[in-house]
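First up is the structure itself, then whatever we jot down about it.
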Amino acid sequence: LLGRMNYEYIFKYIIIGDSGVGKSCLLLQFLEGSFKANHEATIGVEFGTKIITTDNGTNVKLQVWDTAGQDAFKSITRSYYRNAAGALVVYDITNKQSFINVKKWLEEAQVNGNKEMVLALVGNKSDLESKRQVSQQEGLDFANKNGLIFIETSAVSASNVSQVFMNVASQIIRKINSSIIDPSIEEFGVRKVGTMGDQGALRRDRVAARPSGSENNGGCC
């Protein structure tokens, strides 16, 4: 745990992408520095918080919402795009279809989120290089074409996991400093809180129930 720490802003993030790409594992690695190989599938939405320091020295408390990738949860997760400052659009580099589906996830974010939401394209499972189906260049080209931050991560080795959360926060700070984002407007997903104490607590709460009749197929979603 971090010690007592002041923070100036609260940013809301969402993590989206197909089921099984490692969204929950990325969040767990970011929050707790651990990896759970047999992480059960996210049911609805899970939530965690952590304080980070951006590259310009600003302390920010991130509220991160990890969404389920299954179609059964679309009506639940869609509401979480609202008032989000940043979104991680995650695919699995060993699963070409999950990369193809990034387009629909991006469209969902653009339709349901605010126009200044900072989006990062995240190619997860970079530790599985021998099983790669999506080249780094493909990911980079898609990100450049759509104005996204791009990074490849590994929830197993923790490679670039903190960095992607940091990169999104730094871009949000730049938008605030350029008056593109106004922290007083709720829809931007940013709240200026001044100087206040916080334990930097790591929370992971299940906040949505499974729809009746759904099944948990396991795996890291």
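The residue that is most open to solvent (accessible area, probe 1.4 Å), among those in segment 102-130 that are at pLDDT below 95 and part of a loop (DSSP other than H, G, I, E, B), is K115. Among residues of segment 47-66 that are touching a residue at least 60 places away in the same chain (Cβ under 8 Å) and more than 27 Å from S79 (Cα to Cα), those with a Cβ under 9 angstrom from a residue that is open to solvent by 40 Å² or more (accessible area, probe 1.4 Å) and aliphatic (A, V, I, L, M), sequence gap 6+ or separate chain, pair up as T54/M166; D55/M166.
Apart from one condition, A155 fits all of (1) in contact (Cβ under 8 Å) with a residue 60 or more places away in the chain; (2) farther than 20 Å from W65 by Cβ; the exception is (2).
Within segment 29-74, being in a helix (DSSP H, G or I) and modelled with pLDDT under 90 holds for E32, D71, A72, F73, K74.
Among residues that are surrounded by fewer than 17 Cβ atoms within 10 Å (Cβ to Cβ), modelled with pLDDT of 95 or more and assigned to a loop (DSSP other than H, G, I, E, B), Q133 is included. Filtering F150, F99, F165 for residues that are in a helix (DSSP H, G or I) and in contact with a Leu (Cβ under 9 Å, 6 or more places away or on another chain) leaves a single hit, F165.
Spot the failing condition for S179; the list is (1) part of a loop (DSSP other than H, G, I, E, B); (2) small (G, A, S); (3) at pLDDT 95 or above; (4) buried (at least 20 other Cβ atoms within 10 Å of the Cβ), and only one is missed. Looking at each condition in turn, S179 falls short on (4).
Scanning segment 143-159 for residues that are open to solvent by less than 50 Å² (accessible area, probe 1.4 Å) and under 17 Å from T94 (Cβ atoms) returns I151, E152, T153, S154, A155, S159.
Only a single criterion out of (1) surrounded by fewer than 18 Cβ atoms within 10 Å (Cβ to Cβ); (2) over 14 Å from the mean Cα position of the chain (by Cα); (3) under 25 Å from G57 (Cβ atoms) is not satisfied by S162, namely (2). For segment 3-11, indicate whether the set of residues that are crowded, with 21+ Cβ neighbours inside 10 Å, at pLDDT 90 or above and in a strand (DSSP E or B) is non-empty. Yes - at least one qualifying residue is present in segment 3-11.
The values are calculated or read from the model by the stated rules, or taken from the named source; none is laboratory data. On a predicted model such as this, the values are computed, not experimentally measured, just so you know. Neighbour counts run over all protein chains shown; Cβ positions are idealised from the backbone, glycine included. These accessible areas exclude ligands, DNA and RNA; they are computed on the full protein's heavy atoms, side chains included. Shrake-Rupley method; radii C 1.70, N 1.55, O 1.52, S 1.80 Å.
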